[in-house]
Structure formats: C-alpha cells, structure tokens
1. Give me Arg86, Arg39 sorted ascending by neighbouring Cβ count inside 10 Å, so fewest comes first.
2. Treat the count of other C-beta atoms within 10 Å as a stand-in for reagent exposure and order Glu90, Glu82, Glu44 from fewest to most.
3. How would you rank Trp61, Trp75, going from fewest to most other Cβ atoms within 10 Å of each one's own Cβ?
4. So what's the chain giving for Rg/Rh, alpha carbon basis, Kirkwood Rh from the mean inverse pair distance?
5. Tell me, what is the percent relative contact order of the chain, built from C-alpha pairs under 8 Å that lie six or more residues apart?
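No lab work stands behind these numbers, since they all come straight from the coordinates. This is a predicted model, so every value here is computed, not measured. Neighbour counts are summed over all protein chains in view; Cβ atoms, including those assigned to glycine, are modelled from backbone coordinates with ideal geometry.
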Amino acid sequence: MITMEEMAKGRTLAEAMGMTAELGCSVARLAGAELEAGRLDTAEAILEGLAIANPRDPMPWAMLAQVARRQGKVWAAYLCAEAAARLAPEDLQIKLVHAEALLGIPEEAARGREELGALAGAGGAAGERARALLQALGP
C-alpha cells in the first residue's frame, strides 16, 4: 500500500508494489498484443493500470494514445500523447504518436504535419512511418 505522503514525495504505486521494469515491459507487450488483435477495451484497461502504477513511464501513455485514436477518441488520444511527449520529448516513437494524435484534431492537423515533416528525415521505423503518412496525406 502507498500513502498519500509517499505519493507527494514522488513515489509511484509501481515502486511501492515492487514492480520491476521488466515486469512493466512484459505487461506493455501484452497490451500491445491486445491492441494488435483489436481488443481495444482490454488493451486500454491494461495500459490504464500501467499508467496509474507508474505515471512517469511514457510508454503506457503513448500506447493509450494509440488505443484512443483507434476508438475515435481524438481528445483523449491527444492528452495521452501529450503526457508521453512531456515525459520523453526526444523519443522518436513518442514524437510520432504525438504527431498522429494531432492529425485527428482539425485545429491541430497542420502542427501534426509539421511534426511529421520533422520526423521524416529520421531513420528507423518512426521516420519511415512519418514519410508514409505524409505521402498518404498528400499536399
């Protein structure tokens, strides 16, 4: 059990429970498999638990953004992507999730395209997806 005093000092529920980073990654992989299988509600429940247990880990927030986007919850996707981006501002995958979330909001779509443009020059999967999305979006 974690007290409010411990939480105020920055201790997470994951730390109080003795959850290792390896266990957190395993649970995130399970949520990813659920997401890929289209079981969005199950993925969402797992990821919400991870985000609550360790709110400083950007991955559950980024994955929650992906779930929310697929559920058509554009503002929830944006908020989760924003949380992830604040926690890991240099992570290319997080930047990609953030850009994709912005595309779902008409008032922010131009900013999403700008972020994709910045990512398009990057190598790896994030750069490749950014280039593909920009091509699909057209001029």
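1. Neighbour counts put them in this order, fewest first: Arg86, Arg39.
2. Fewest-to-most Cβ neighbours within 10 Å comes out as Glu90, Glu82, Glu44.
3. Ordered by Cβ neighbours within 10 Å, fewest first: Trp75, Trp61.
4. We get a ratio of 1.02 for the chain.
5. 13 percent
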